[in-house]
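Encoded as structure tokens, the structure appears first; notes follow it.
The values are calculated or read from the model by the stated rules, or taken from the named source; none is laboratory data. As the structure is a computational prediction, the values presented were derived from the model and not from experiment. Protein only, heavy atoms only, side chains kept; ligands, DNA and RNA dropped before computing areas. Shrake-Rupley method; radii C 1.70, N 1.55, O 1.52, S 1.80 Å.
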Amino acid sequence: MNRVGFICRLGALGLLAVVVGACGNIEARDKEAYPARKVGEAPTHNLDRACVGDYKRDVDYFPERTSFSHSAQLSVTYGKSWKRVAFTPTIASGDRMEILLVQCGTPIPEHDDGVIVVRVPIARIVTGNRSMLGAADELGVVERLVGMDNPRAATVPSVKARVDQGHIVFAGGWTHGNIESTIALQPDVYLTFYSAYPQYNIHPRLQKLGVKALPQ
């Protein structure tokens, strides 16, 4: 793997790691993707397949935390029931995106307009960026993938097996994805490629339609 490919894979792994554990103000859906569970006063692990069923304001629901040591594009800060990811593209576009990841079963904190709010843990992922597939495999969340740009092009064995079983379907089209098929799949997040050419970016249009579209 060349240096560019290696850096892209690291970026995909970092963003997906934070998301699994970005127009107008787009609010999160209240629907719970996972069943509620009593957590208690001092959880030792993040809830990656459950929502909080006994919320208390002073409890830290993210005892396991992610940080970036060598990234000029991604940063993450934590509250007791949320984590905020800031994404800055390397190109000189002037863009800066903030994603507020809120543990399901806890209240959404105050936030600025333009911040994308996503309930975590997420259960349904659609991606238009194939570099996310290896990251999903390494993190053990391939079963959460429900759509991708071109299922026939999957080369990661665990992803290919899910495609063959019919669990990951086509969500591609012009540029980096297809708006109609992505909306039909009702993903919790849509992970997409960030292009230096704005006309090729699909995430702003998906965000306006209520899809939590997050570019890498």
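Quick look at the values:
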| read-out | value |
| --- | --- |
| Any hit, segment 183-200, residues being more than 21 Å from Leu101 (Cα to Cα), among the aromatic types (Phe, Trp, Tyr), part of a loop (DSSP other than H, G, I, E, B) and open to solvent by 70 Å² or more (accessible area, probe 1.4 Å) | yes |
| Filtered residue count, segment 170-182, keeping only those that are over 17 Å from Ser131 (Cα atoms), modelled with pLDDT of 80 or more and open to solvent by 40 Å² or more (accessible area, probe 1.4 Å) | 0 |
| Filtered residue count, segment 183-202, keeping only those that are at negative phi and at pLDDT 85 or above | 6 |
| Failed item in (1) among the small types (Gly, Ala, Ser); (2) open to solvent by 50 Å² or more (accessible area, probe 1.4 Å); (3) not in a loop (DSSP other than H, G, I, E, B), with Ser67 passing the rest | (3) |
| Criterion: outside any loop (DSSP other than H, G, I, E, B) and at pLDDT 95 or above - qualifying residue of Arg162, Arg205 | Arg162 |
| Residue within segment 81-97 that is assigned to a loop (DSSP other than H, G, I, E, B), modelled with pLDDT of 95 or more and over 16 Å from the mean Cα position of the chain (by Cα) present | yes |
